[in-house]
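> Just dropping this structure here.
The values are calculated or read from the model by the stated rules, or taken from the named source; none is laboratory data. Just so we're clear, the structure is a prediction, and the values are computed from it rather than from any experiment. Cβ placement follows ideal geometry from the backbone for every residue including glycine, while neighbour counts extend to all protein chains displayed.
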Amino acid sequence: MNKEHFLIELKIYLKPLTAQQQVFILNKYEAIFEERLAVGETEEEIAKSLGKPRGIAEEILQEFDITVPEKKLERDGWQEIEPVANKDYYYEEVPEHPYEQTYHSYERPQHNGFTRFCQIAGVLSFNFLLMFWLIFAFVMVLFSCWLVAVVFLLSPVLGGISVSAGFNDGTMFQLFLSIFLSGAGVIGLLILTPLTKFFGKVFKRYLQWNIRVLRGEI
């Protein structure tokens, strides 16, 4: 289910509410879609995580003391609910057709040529003069840490080779030291793995932000 189908179905189930209440709720969920689309999620993933529109509508209608029976009405190929409202609750009649309200879709902000030039020049300059070098330095440090951790992890192999070449006090010390370094390497890998994943996510979001700025979406 994509965003359009999700909002249409949600609108149908929210029919007992007033037009203003429907618009407010639909705009809220449309904003959720836009925010999560901006960070790389697909419309289908967002709709799946939000849940079924009927369930969302039922929770909202319960706040207005409106119950939704199991019985459904068939209308123009859509499954539509027939709400049962509390007698003390008044709600505004809305037109039969579920599409009479237009959704406020996301519109790309309009910038003049000078503003766009400043945006692009500013982003490129900021990245080249600062962020590129910071990211490069962090990647190099991260790579060095991974290299050291792997070498430490494999150090018992070198210790075993030393022992097999000749058994003495020096080789025994090297063996015990290599075992200690191997443990340090395991700890290093346990720390570096989530750190690398976190850096990857941050870098991905920063890259997406740069792309949006260059496209004029911000």
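> Of all residues in segment 30-67, which are closer than 30 Å to Gly200 by Cα, out of contact with any helix residue (DSSP H, G or I) (no Cβ under 6 Å at 6 or more places or on another chain), among the β-branched types (Val, Ile, Thr) and assigned to a helix (DSSP H, G or I)?
If the condition is that a residue be closer than 30 Å to Gly200 by Cα, out of contact with any helix residue (DSSP H, G or I) (no Cβ under 6 Å at 6 or more places or on another chain), among the β-branched types (Val, Ile, Thr) and assigned to a helix (DSSP H, G or I), then Ile32 is the only one that fits.
> Specify which of the listed residues (Leu147, Leu175, Leu189, Leu129) is over 30 Å from Glu34 (Cα atoms), in a helix (DSSP H, G or I) and at pLDDT below 90.
Leu175
> Do you know which residues across segment 42-69 are under 30 Å from Val213 (Cα atoms) and surrounded by 15 or more Cβ atoms within 10 Å (Cβ to Cβ)?
Those that are under 30 Å from Val213 (Cα atoms) and surrounded by 15 or more Cβ atoms within 10 Å (Cβ to Cβ): Glu43, Ile46, Ala47, Leu50.
> Which residues, taken from segment 188-218, are closer than 28 Å to Ile161 by Cβ and either surrounded by 13 or more Cβ atoms within 10 Å (Cβ to Cβ) or not assigned by TED's automatic domain parsing to the domain that holds Gly122 (or both)?
Of everything in segment 188-218, those that are closer than 28 Å to Ile161 by Cβ and either surrounded by 13 or more Cβ atoms within 10 Å (Cβ to Cβ) or not assigned by TED's automatic domain parsing to the domain that holds Gly122 (or both) turn out to be Gly188, Leu189, Leu192.
> If the Cβ limit is 7 Å and pairs must be 6+ apart or interchain, which residue in segment 155-172 that is at pLDDT 75 or above and outside any helix (DSSP H, G or I) pairs with which residue that is of a type outside the set (Lys, Arg) and surrounded by 11 or more Cβ atoms within 10 Å (Cβ to Cβ)?
Every condition considered, no pair remains.
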